[in-house]
């Protein structure tokens, strides 16, 4: 991204001129994040000014796409953040509207590319957990995990009660995504990096997960707008208060998909899983058979995480056999595992 950094900085600087920020400027001229989504990417900077600090996000289309095609989806996630700030006492990254009242500012670069830029209020705190991946097992006090779960329950409670504004648009759906993730893993099975029997179990398990998701009771009580990337790494703590951040992946689906993703990204002991779920249930009800539902989304999330490794043609899959034996086989046999399989690690 180095060759393009000046373009993103230029777009961010030009956009800041459209806001009343006390002449905020990009701190140290460095980005604080760079992630991709479906069709577009985001580069994030911190800006500091007389009226506080801000998270400046520059959006651009990937390939030959047009970033304006994603304007409604980007605006929609900002509307949810505004609603959370207005309707709850959660501390979130509140969007800042421009001098003309817009949530998104269009900026033309020096070249042919056009950028969309947004501002959020910067919120203080330290990451609850700063490790990421299937080798990083959460080692935190159960009370802190209880509070993290409670925050997610509060997000879901708000989502279940919030009336979506007209034109609100965010992605949704699991089955097709899971099929795509599995297909990304297929070359690794073809070249031997994944054993053929293990891949066969993955295929069978993915099919069972897709069937289970289709059978779930997708009533408004358990369906709505999700954070989409909820984990200990996307929560910060400030004076004991848990603050969720990074809502860029918010989408529609079953609420417990957020729990399955969190458990996959931040594997934790049965004691911590229970603490998380206890905190969640104090804020939002868990459906019948909730552990089986979480297990379905846990497996879906793990397959997605594994598929990302195929971006490196030489990527290895050292934890996949344990996942197949400790989760997939038990899932196929109807044997609970999400609160037990970590015991053997």
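Here are the numbers for the structure shown:
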quantity: Qualifying position, being farther than 22 Å from residue 91 by Cα and either surrounded by fewer than 23 Cβ atoms within 10 Å (Cβ to Cβ) or in contact (Cβ under 8 Å) with a residue 60 or more places away in the chain (or both), among 308, 249; calculated: 308
quantity: Matching residues, region 185-194, being buried (at least 19 other Cβ atoms within 10 Å of the Cβ) and outside any helix (DSSP H, G or I); calculated: 194
quantity: Hey, residue 138 in contact with a strand residue (DSSP E or B) (Cβ under 9 Å, 6 or more places away or on another chain) and either within 23 Å of residue 303 (Cα to Cα) or at pLDDT 95 or above (or both) or not; calculated: no
quantity: Residue 103 vs. criteria more than 19 Å from residue 14 (Cβ to Cβ) and surrounded by 13 or more Cβ atoms within 10 Å (Cβ to Cβ); calculated: no
quantity: Single match in 225, 202 (criterion: part of a helix (DSSP H, G or I) and either in contact with a helix residue (DSSP H, G or I) (Cβ under 8 Å, 6 or more places away or on another chain) or surrounded by fewer than 16 Cβ atoms within 10 Å (Cβ to Cβ) (or both)); calculated: 202
quantity: One residue from 119, 152, 140 being assigned to a loop (DSSP other than H, G, I, E, B) and in contact (Cβ under 8 Å) with a residue 60 or more places away in the chain; calculated: 140
quantity: Region 240-262: number of residues that are farther than 16 Å from residue 77 by Cβ and assigned to a loop (DSSP other than H, G, I, E, B); calculated: 2
quantity: Residues of region 72-92 satisfying the condition of being surrounded by fewer than 17 Cβ atoms within 10 Å (Cβ to Cβ) and in contact with a strand residue (DSSP E or B) (Cβ under 6 Å, 6 or more places away or on another chain); calculated: 82
quantity: Which numbered condition residue 40 fails, given (1) at pLDDT 95 or above; (2) touching a helix residue (DSSP H, G or I) at 6+ places or on another chain (Cβ under 7 Å); calculated: (1)
quantity: Any hit, region 287-303, residues being crowded, with 23+ Cβ neighbours inside 10 Å, over 30 Å from residue 168 (Cα atoms) and under 20 Å from the mean Cα position of the chain (by Cα); calculated: no
quantity: Residue within region 90-98 that is in contact (Cβ under 8 Å) with a residue 60 or more places away in the chain and in a strand (DSSP E or B) present; calculated: yes
quantity: Options 197, 165: the member that is in contact (Cβ under 8 Å) with a residue 40 or more places away in the chain, in contact with a helix residue (DSSP H, G or I) (Cβ under 9 Å, 6 or more places away or on another chain) and surrounded by fewer than 13 Cβ atoms within 10 Å (Cβ to Cβ); calculated: 165
quantity: Any hit, region 258-267, residues being touching a strand residue (DSSP E or B) at 6+ places or on another chain (Cβ under 6 Å) and assigned by TED's automatic domain parsing to the domain that holds residue 210; calculated: yes
quantity: Wholly enclosed helices (runs of 4 or more DSSP H) of region 263-339 bearing at least 3 residues modelled with pLDDT of 95 or more and within 22 Å of residue 201 (Cα to Cα); calculated: 290-308, 329-332
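The values are calculated or read from the model by the stated rules, or taken from the named source; none is laboratory data. Everything numeric in this text was worked out from a predicted model, so none of it was measured. When we count neighbours, we look across all protein chains shown, and the Cβ atoms used for this are built from the backbone with ideal geometry, even at glycine.
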